[in-house]
Amino acid sequence: MRLATISTWAGPRAAVQAGDAYVDVHATNPRMPPSVRLILEGGEPYLRLAWELAQAPDAIKYEAGKVRFHAPVHDARKIVCIGLNYRDHAAESGAAIPREPILFSKYPTALIGHEEAIVLPAVSQEVDFEAELVIVVGRRGRNIPKEDAMAYVAGYTIGHDVSARDWQLKKDGKQWMVGKTFDTFAPAGPHLVTIDEVPDPQNLAICLRLNGETMQDSNTKQLVFGVADLIAYLSQVFTLEPGDLIYTGTPPGVGFARKPPVYLKSGDVVEIEIEGLGVLRNPVVQG
């Protein structure tokens with residue numbers, strides 16, 4: 001199943017893709033929560049009902065071509081990110097392969113959806129691109145054993161870890177979080193693809209195109225720490241909650257590692273494609 005959050009007259013609404021349309025499940029049946037996060041909190045019964053409502057003959061539908069997307073979990077409480085989590089990206093960065101996950105975070109104000117604009121801040125001249133697989137947490141949990149971790153995953157979406165390298169790498173102490181959490185620096189979407197449709201998240205082609213030119217081209221086989229590793233590790237530190245987003249790291253080809261470097265500029269269009277998940281597309285504008 002493919003869940004999305006779409007814009008409606010009543011505000012952001014959870015929707016299920018049904019062919020060439022999106023079904024507003026709350027409008028179809030008011031028993032259903034209006035947000036994807038609340039559906040995930042309801043667990044399997046709500047997910048099953050969402051699927052059934054998407055097939056209903058009287059479902060409230062929106063044409064796919066006219067839909068405006070928010071991030072699939074538009075009200076995520078936590079956006080957790082993993083650094084240097086691709087072996088080939090660590091190599092291009094001149095860094096050792098991490099022995100434990102490298103963590104930073106983004107604030108919810110960074111989160112935007114498919115086709116929404118990435119806004120370049122006036123205070124940065126080195127804004128970079130990073131294609132990422134994003135884990136969407138489906139169940140609340142703490143201290144989760146690795147062997148049980150996949151039961152806490154709702155599914156996956158496509159993410160873009162936009163990064164102001166001059167703030168991330170050139171400030172005192174290397175301010176990773178600050179460089180990565182400017183407003184609009186966490187595009188995600190267009191869909192949350194449920195785990196049953198992604199049998200092996202560690203074997204997905206992932207690429208990023210900048211104005212049609214392929215800049216990143218790899219496979220999630222290169223992940224240092226896989227999905228279960230990350231769920232188990234993070235849950236030692238804080239409680240994972242339904243709708244939390246975990247950006248799992250980026251493959252090689254990022255702009256700052258190129259010679260000469262390539263940074264985002266107004267008028268650019270970034271497309272990230274992950275096998276089985278679709279394409280996340282965002283234009284770039286100057287703030």
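Observations on the structure shown:
- Residues that are crowded, with 19+ Cβ neighbours inside 10 Å, under 30 Å from Asp196 (Cβ atoms) and touching a strand residue (DSSP E or B) at 6+ places or on another chain (Cβ under 8 Å) occur in region 250-266; there is at least one.
- Listed by position, the strands (runs of 3 or more DSSP E) contained in region 182-277 that have at least 2 residues being farther than 26 Å from Glu126 by Cα are 186-194.
- Hits in region 62-77 (condition: under 21 Å from Gly249 (Cα atoms) and surrounded by 18 or more Cβ atoms within 10 Å (Cβ to Cβ)): Ala71, Pro72, Val73, His74, Ala76
- Single condition Glu115 does not satisfy, out of (1) at positive phi; (2) of a type outside the set (A, V, I, L, M); (3) buried (at least 20 other Cβ atoms within 10 Å of the Cβ): (3)
- Comparison of Thr248, Thr220, Thr239 shows that the only residue that is over 13 Å from Ile158 (Cβ atoms) and in contact (Cβ under 8 Å) with a residue 60 or more places away in the chain is Thr239.
- For region 65-172, no strands (runs of 3 or more DSSP E) sit wholly inside it while including 2 or more residues that are among the hydroxyl-bearing types (Ser, Thr, Tyr), outside the structural domain of Val193 (by TED's automatic domain parsing) and at pLDDT 95 or above.
- Conditions (1) modelled with pLDDT under 95; (2) of a type outside the set (Phe, Trp, Tyr); (3) touching a helix residue (DSSP H, G or I) at 6+ places or on another chain (Cβ under 9 Å); number of the one not met by Lys259: (3)
- Residue ID - surrounded by the fewest Cβ atoms within 10 Å (Cβ to Cβ), chosen from residues in region 1-46 that are within 19 Å of Ala188 (Cβ to Cβ), hydrophobic (A, V, I, L, M, F, W, C) and out of contact with any Asp or Glu (no Cβ under 8 Å at 6 or more places or on another chain): Leu38
- Region 183-209, residues that are of a type in the set (A, V, I, L, M, F, W, C) and in contact with a strand residue (DSSP E or B) (Cβ under 6 Å, 6 or more places away or on another chain): Ala186, Ala188, Leu192, Val193, Ile195, Val198, Leu204, Ala205, Ile206, Cys207, Leu208
- Scope region 20-45; condition among the small types (Gly, Ala, Ser) and without any contact (Cβ under 8 Å) to a residue 40 or more places away in the chain; matching residues: Ala27, Gly42
- The number of residues in region 186-207 being touching a His at 6+ places or on another chain (Cβ under 8 Å) and of a type in the set (A, V, I, L, M, F, W, C) comes to 2.
- Identity of the residue in region 15-63, assigned to a loop (DSSP other than H, G, I, E, B) and under 21 Å from the mean Cα position of the chain (by Cα), that ends up farthest from Asp244 (Cα to Cα): Pro34
The values are calculated or read from the model by the stated rules, or taken from the named source; none is laboratory data. Everything quoted here is computed from the prediction, not taken from an experiment. Backbone-built Cβ (ideal geometry, glycine too); neighbour counts: all protein chains shown.
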